[in-house]
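Shown next, in structure tokens, is the structure this report addresses.
The values are calculated or read from the model by the stated rules, or taken from the named source; none is laboratory data. What you are looking at is a predicted structure, and each value in this text was computed from that prediction instead of being measured. Positions of Cβ are generated from backbone atoms using ideal geometry, with glycine treated the same way; all protein chains shown enter the neighbour counts. Just so you know, the surface numbers come from the protein's heavy atoms only, side chains and all, with ligands and any DNA or RNA stripped out. Shrake-Rupley method; radii C 1.70, N 1.55, O 1.52, S 1.80 Å.
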Amino acid sequence: MLFFLSCNNINSEKQDKFQYLTEQFADLKMIRYKVPGFENLELRQKKLIYFLSQASLSGRDIIFDQNYRHNLRVRRTLETIVSNYPGDRETEEFNYFMEYTKRVWFSGGIHHHYASKKMEPKFSSEYFINELINETNSSQDYAFPLLEGEDKMDLARDLDDIIFNSKKDSKRVNRDAGIDIILNSANNYYAPNITENDVNTFYQRGIEDRAPEYGLNSKLNKDNEGNIYEQTYKIGGMYSDALQEMIYWIEKAKDVAENEEQKKSFELLIEYYTTGDIKKWDQYCVQWVKTQTDIDWINGFVEVYGDAAGRKGAYESIVQIKDMEASKTTEVINEYVQWFEDNSSIMNEHKKENVVGVSYKVVTVAMESGDASPSSPIGVNLPNNNWIRTEQGSKSVSLGNLIAAYSGAATGSGFLNEFCYSQEEIDRAQKYGETADKLGTLLHEVVGHASGKINEGVGTPKETLKNYKSTLEEARADLVALYYIMNDKLVEIGLMESLECGKAEYESYIRNGLMLQLRRIEVGQNIEQDHMRNRQLVSSWAYKKGLSDNVIEKKTKNEKTFFVVNDYKKLQNIFGQLLREIQRITSEGDFEAGQALVEDYGVQVDLDIHKEVLERSKQFNSAPYGGFINPKYTLITNSNGEINDVKINYPDDFTTQMMEYAKTYSFLPHVN
């Protein structure tokens, strides 16, 4: 049977009367998303979603504190002013204050969520201290986060330096070459006196079978005598109060689990949060991979992009419902994962003889929190531990309703008209672009991350490739997708209707990697974020590799720059060559080669192109980053307190939701 990802189905979302886009500020836009089918779920399933959503939100403080040690004090000060300030709220400076506050909520702190640079307020230090803090008083629900012996003006002086001193803790994650990437990163995964050498020495270990992700759930500290120790996230340890609340709701979820396998996974997660035992996390991940249910979730200290050393896991939670119909279309790829591995461009010795346990499904997001909110991924493949992926497999999901919400919030085709060289390219993007993007995500998550193996006796990429591991892994997965999206096999098995879909993806990838993604960073800044580095690395390497054959041509029309794909088959071959090399680097643990690839192709920005992209983008009223306002669930109970139903509604104001969250889910101390 042939299955197609239908352009018509995707585009029909744009006819929806639901208001997706709610507001834009700075470089951000806020989007609502629907949870279709929630009302038709069984009561037990609704209760499960409610309990898991409460657990997810109960850990919300953690990501703020992980991102920067002063974030909770800053956020709670801003929230106290938002709630209690008695002065004029119609002034320009107060509007600037509200914009900054919303940016802090969006980014999980005072550093930009993508660029990692400290965000600069447009209001003055004098206005912040003398007007906003001086004129505002604490209330029962929203109080200034004062430490013992402090008054609010002591707090104001501390925050003045934290917020307005651009040189203090200027980057949340700093991977610049030639510096100490730990000392110069402001995140709270390491004490301020911990060095890169301290990290490498503390976590240096020999080759270990089934090694856990050491350091994933802890902060590294150093005492006055120079002794280094971990502060583990667990009950009685770091983040204990939030974890205790999360466990309370997970215990309730156990009682309405969909099956015994899911109940066992909840029990293991509770044990992990209680003890902080990192090996217990592996046991949970194995059980989670084995558990097959309609209601599922991702919860834990998961992705390591926020740590320059690629070791510490950010708190993340996504509650999800399987989309039965959409998954029928896309699960066809699960049958062919071994074919993809066998026919890859990588060396035979780096191919897996037996790709196991890969599952892919489209899900409907019901709630997000932590590092997944408000800015969310659209596809996820977990767990990250290589030995579990090799022996037990992994789960890949596409967040279908969020993709639909992005589409529903789209502001038109202006960027295509501006950055595509020809009408043919525009037409192809309009007809196949969204389908190609979905298929690229599918191949990246399911086939890309599951492919390849590490040579015997070589450490994990975290150990061998260090701070370049995440960029190279994302590039590797992207290249798998790019290599196969121009393969007739995808037409044969019904994942796309013709290779025109692959052409649209090639054009989009090059257009984004060499130009459009530069909208997301300020002039003069290097690329910091792993996914952006990966896209530029792949695109720049391919462009330079194909120069002699004019595979990708840099053209000028009306004094505007374009990058035009001239030969799609040759570009596929180039992608295959780079995939082969990055898999070799990964399999052999070749740090020097990996470092050279990232630094030479993924970090530096062409200043002239960057300025041109920003200038050409000014005409569009479209923020480069989008994030989501979560739905709200309410219990309906009878006179005996028994739950009769769970109602869902869709808030439309970001500020209101953030203030409700601050009041309801603030469990951590001001300083951790």
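Observations, loosely collected:
- Per residue, region 463-532 exposes 27 Å² of accessible surface when a 1.4 Å probe is rolled over the protein heavy atoms with every protein chain present.
- Of Lys17/Lys46; Lys328/Lys503; Lys29/Lys618; Lys290/Lys489, those spanning more than 20 Å from alpha-carbon to alpha-carbon: Lys17/Lys46; Lys328/Lys503; Lys290/Lys489
- Simple point charges give the picture: +1 on the Cβ of Lys and Arg, -1 on the Cβ of Asp and Glu, and for region 434-577 a dipole about the Cα centre of about 500 debye.
- Positive dipole terminus of region 7-155, leading residue within Phe123, Ile62, Phe144 (C-beta point charges): Ile62
- For the set Lys222, Lys569, Lys102, solvent exposure ranked by accessible area (probe 1.4 Å, protein chains only) runs largest to smallest as Lys569, Lys222, Lys102.
- Most positive-pole-ward Cα, Thr586, Val565, Val603, against dipole of region 509-609 from beta carbon charges: Val565
- Size of charge dipole - region 411-463 - debye, nearest 20, with Cβ of Lys, Arg +1 and Asp, Glu -1, no other charges: 180 debye
- In the context of the full set of protein chains, residues of region 10-96 present 37 Å² of accessible surface per residue (probe radius 1.4 Å, heavy atoms only).
- With contacts taken as Cα pairs under 8 Å and at least 6 residues apart, the chain reaches a relative contact order of 19 percent.
- Sulfur and carbon atoms: percent of accessible area, the chain [1.4 Å]: 43 percent
- Here the relative contact order of region 138-222, from alpha carbon pairs under 8 Å that lie six or more residues apart, stands at 19 percent.
- Nearest-10 value in Å² for the accessible area of Leu514, using the 1.4 Å probe: 20 Å²
- Neighbour-limited loop hits for GluC sites (Glu not before Pro), region 296-402 (at most 16 other Cβ within 10 Å; DSSP other than H, G, I, E, B): Glu353
- Helical mean residue ellipticity (222 nm; -39500 (n - 2.57) per DSSP H run of 4+; nearest 500) of the chain: -13000 deg cm²/dmol
- Separation of region 456-478 from region 110-174 is 37 Å, based on Cα centroids.
- Among the trypsin sites (Lys or Arg not before Pro) in region 140-175, those placed in a DSSP loop whose Cβ has at most 10 other Cβ atoms within 10 Å are Lys167.
- Annotation: per residue accessible area for region 120-193 equals 50 Å², rounded to a whole number [probe 1.4 Å, protein chains only].
- Simple Cβ-charge dipole of the chain, Lys/Arg +1 and Asp/Glu -1, about Cα centre, in debye nearest 20: 720 debye
- Annotation for Asp645 and Trp339: the two label points, set 7 Å from Cα along the Cα-Cβ direction, are 4.7 nm apart.
- Accessible area of Lys328 in the full protein assembly, 1.4 Å probe (Å², nearest 10): 120 Å²
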